[in-house]
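Participant: I'd like to ask you about the structure that follows.
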Amino acid sequence: MYKLLLVEDNEMIVKGLVFSLKQNDFLVNVAYSYKEAIDLIKQESYDLIILDITLPDGNGIDLGKYIKENASTPLMFLTAKDEEDDVVLGLSLGAEDYIIKPFRTKELIARIQNILKRCDNHRIKQVGNVLIDLEKCEVKVDNKIVNFTSLEYRILALLFTNLNKVVTREILLEKIWDIEGNYVNDNTLSVYIKRIREKLNNDLIKTIKGIGYRIDIK
C-alpha cells in the first residue's frame, strides 16, 4: 500500500481528496503548512509527496527543493498557480507532474498511479550524497560507485527501504545471512555496520542504543 503526503492548507480540498485517495487504497498523511511538512518528512518516508506552492508559512517551491536535496521522493505540484513560468519552474525542479486547480479527482488519481508505477520501475533512493539503486544493486557516494560485499549491501538496502524508521538488530539478523548460508551473529553485525560506515565515509547510519539502526532524511 502506497503512502502519500499531501501538503495543502485548504481544509475543503484536503477533506475531499483524502477521502478519494483512501477509497483508492492509499495511506495519506496531511501537512497544512511548510513546517508541518518538514516535520512529517523527517519522521516518515513516503512514496509520493503532493504539494501546493502557496503555503501559510512558506513556499512550496522551496519545500520541493528541500525534498529533492535530501531524498529521492517523487513530487507532484497541485496548485492554483497557473502561469507558464510557475509550471516550468515546478517541472524543472524535478517534479513528476504539475496539476492546476481546480482539478478532476479521477484524473488526479490516475496521474498519481502512473507516477507510482513509473517510480516502481526505477527504485532509486537517495539521502544526502548517498544514492542506492535497488534494481541495479548499486551504491554511489558523491556520484561515484562504491563497492560493497553482498551482505553489506543487503544491510544497507534494508536501512534505505526503511528511511526514518529504526531497524532493530533482531530484524537485521533475521533478514540477512552470509554467502555460505550461515546466520550472522550479533558481534559480526556490528563489524559489518562499521565497514559500511567507513565505505560511506559519513554519519548517515545512526545507532539507536540497545535497539538497532536508522537512516534519517535530514
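The values are calculated or read from the model by the stated rules, or taken from the named source; none is laboratory data. Keep in mind that what you see is a predicted model, and the values were worked out from it rather than measured. Glycine also receives a Cβ, built like all others from the backbone with ideal geometry; neighbour counts cover every protein chain displayed. Note: areas computed on protein heavy atoms with side chains; ligands, DNA, RNA excluded. Shrake-Rupley method; radii C 1.70, N 1.55, O 1.52, S 1.80 Å.
Participant: Lys/Arg Cβ at +1, Asp/Glu Cβ at -1, dipole of the chain taken about the Cα centre: which of Leu75, Met1, Ala37 is farthest positive-ward?
Facilitator: Highest projection toward the positive end goes to Met1.
Participant: Just the number, please: percent antiparallel of the DSSP beta bridges in the chain, rounded to the nearest 5.
Facilitator: Given both bridge residues lie in the chain, the antiparallel proportion sits at roughly 55 percent.
Participant: Can you list, bin by bin at 10 Å, the percent of alpha carbon pairs in the chain, starting at 0?
Facilitator: 7, 31, 31, 19, 9, 2, 0
Participant: Please identify every one of the chymotrypsin sites (Phe, Trp or Tyr not before Pro) in segment 97-179 that sits in a loop by DSSP and has no more than 16 other beta carbons within 10 Å of its own beta carbon.
Facilitator: Passing both the DSSP loop test and the Cβ count: Phe103.
Participant: Further question on the same structure: Test of the criteria: in segment 49-141, which trypsin sites (Lys or Arg not before Pro) are in a DSSP loop and have at most 12 other Cβ atoms within 10 angstrom of their Cβ?
Facilitator: Hits after loop and neighbour filter: Arg104, Lys136.
Participant: Using a 1.4 Å probe on the protein heavy atoms, what percent of the accessible area of segment 51-175 belongs to carbon and sulfur?
Facilitator: 48
Participant: Separate question: Given charges of +1 on the Cβ of Lys and Arg and -1 on the Cβ of Asp and Glu, with all other atoms neutral, how large is the dipole of the chain about its Cα centre, in debye to the nearest 20?
Facilitator: Charge dipole, the chain, about its Cα centre: 680 debye, nearest 20.
Participant: Using alpha-carbon positions, what is the distance between the centroids of segment 83-124 and segment 1-61, in Å?
Facilitator: Their Cα centres are 14 Å away from one another.
Participant: Ok, one more. Would you mind counting up the charge near Val7? Only other residues with Cβ under 9 Å from its Cβ, with Lys and Arg at +1 and Asp and Glu at -1.
Facilitator: Residues near Val7 contribute -4 overall.
Participant: Related question: Using only helices, what value at 222 nm comes out for the chain when you add -39,500 (n - 2.57) per DSSP H run of length 4 or more and divide by the total residues, to the nearest 500 deg cm²/dmol?
Facilitator: That comes out to -13000 deg cm²/dmol.
Participant: How much area per residue is accessible in segment 75-140 when the probe is 1.4 Å and only protein heavy atoms are counted (Å²)?
Facilitator: 57
Participant: From the cross-link list Lys125/Lys194; Lys3/Lys165; Lys42/Lys117; Lys15/Lys125; Lys3/Lys42, which pairs have alpha carbons spaced over 19 Å apart?
Facilitator: Exceeds cut-off: Lys125/Lys194; Lys42/Lys117; Lys15/Lys125.
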